[in-house]
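Structure first, then comments.
Laboratory data are not the source of any read-out in this text; all were calculated from the coordinates shown. Bear in mind that the values here come from a model prediction, so they are computed numbers and not experimental data. Cβ sites come from the backbone with ideal geometry, for glycine too, and all protein chains shown count toward neighbours.
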């Protein structure tokens, strides 16, 4: 399913700071859609966690692509890809950037690390930009370097500006963790900026969305999906175990009002049955397997 809007279209139309949750599969993408979010970011770290706790250093482009391509085919939300597992070789970046863009990704985060030479990073950006030509996919230049000193801020800002000059649509400085740092980067870096991994401390948000938007950050990413999913599974696992039955979890109502033992009603299986009926001439009504019909 092609994304309804590209990232530039979404930013132009929304006119406020868009909260972009990190997802890791089609179910989390559907949860983001149902919750009302307008864009999603595929977290390489969380994909690794659900694949058994592997790091991005261990993950292959094939593994990330398998997940990303399924989400692109499934979700109408523009998907931004965390490309942390990409090889730094420009020919490899081009190959995989082209595959992700053709699969329907709407943005690629091309990453700089502490041990990566500046020219090597810019070569990665050039390769990704070339691969995305003729598609709606844009390149977001991302630096993972710290921003604790004026010298570090200056280095990152200069490098991100070079990426923008090459054609990167947006930048992300992952060392940001305060409004002061965000302002410092905003004063030095051109174009729209993506604030990374919103956090909070003692009930206070790290940054305020309205303030961030006003200084050039139309998007802000944050993690909640996997943590809350794990918390819910453990919580209701304990409740069901203590009850000796599945009443606690079975009677939780989903957003569409369904109460039962499955999340299948949040996925449009009836549409699949209707499509099959076009081929067979026999229409079936979808019901969750195992549900009792009153």
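If I stretch the segment between residue 35 and residue 63 completely, what's the gain in nm (0.36 nm per residue apart, minus their alpha carbon distance), one decimal?
7.4 nm
How far is helix 150-166 tilted off the main Cα axis of the chain, in degrees rounded to 10, range 0 to 90?
Result, in degrees: 80.
Taking only Cα atoms, what is the 0 to 90° angle, nearest 10, from helix 118-131's long axis to the longest principal axis of the chain?
The two axes meet at around 50 degrees.
List the equivalent ellipsoid semi-axes of region 1-101 in whole Å, largest first, each obtained as the square root of 5λ for an eigenvalue λ of the Cα gyration tensor.
23, 16, 12
With label points built 7 Å along Cα→Cβ from the Cα atoms of residue 154 and residue 262, find their separation and express it in nm.
Calculated label separation equals 6.2 nm.
Residue 243 to residue 270: FRET efficiency via 1/(1 + (r/R0)^6), r the Cβ-Cβ distance, R0 35 Å, to the nearest 0.05? Can you show the working numbers first?
Working: r = 32 Å, r/R0 = 0.91.
Efficiency, rounded to the nearest 0.05: 0.65.
Can you sort 215, 238 from fewest to most other Cβ atoms within 10 Å of each residue's own Cβ?
Exposure proxy ranking, most exposed first: 238, 215.
Run the quick spin-label model on residue 51 and residue 178: label points 7 Å from Cα toward the beta carbon, then report their separation in nm to one decimal.
Placing both labels 7 Å along Cα→Cβ, they lie 3.6 nm apart.
Measure nothing but the geometry: give the 0 to 90° angle between the long axis through the Cα atoms of 225-243 and the longest principal axis through the Cα atoms of the chain, rounded to 10°.
That helix lies at roughly 30 degrees to the long axis.
Let me check against my output: what whole-number percent is the relative contact order of region 7-226, with C-alpha pairs under 8 Å and at least 6 apart?
Normalised by residue count, the contact order of region 7-226 is 20 percent.
How high is the FRET efficiency from residue 209 to residue 118, r the C-beta distance, R0 35 Å, rounded to 0.05?
0.65
Need one number: nm distance between label points at residue 251 and residue 73, each 7 Å from Cα along Cα→Cβ, rounded to one decimal.
With each label placed 7 Å out from Cα toward Cβ, I get 4.0 nm.
On average over all directions, what projected area in square nanometres does the chain have, based on the convex hull of its Cα atoms?
Details: hull surface 74.8 nm².
Averaged projected area of the chain's Cα convex hull equals 18.7 nm².
Between residue 91 and residue 228, what FRET efficiency comes out of the Förster formula 1/(1 + (r/R0)^6) with R0 = 25 Å and r the beta carbon distance, rounded to 0.05?
So, using R0 = 25 Å, E works out to roughly 0.05.
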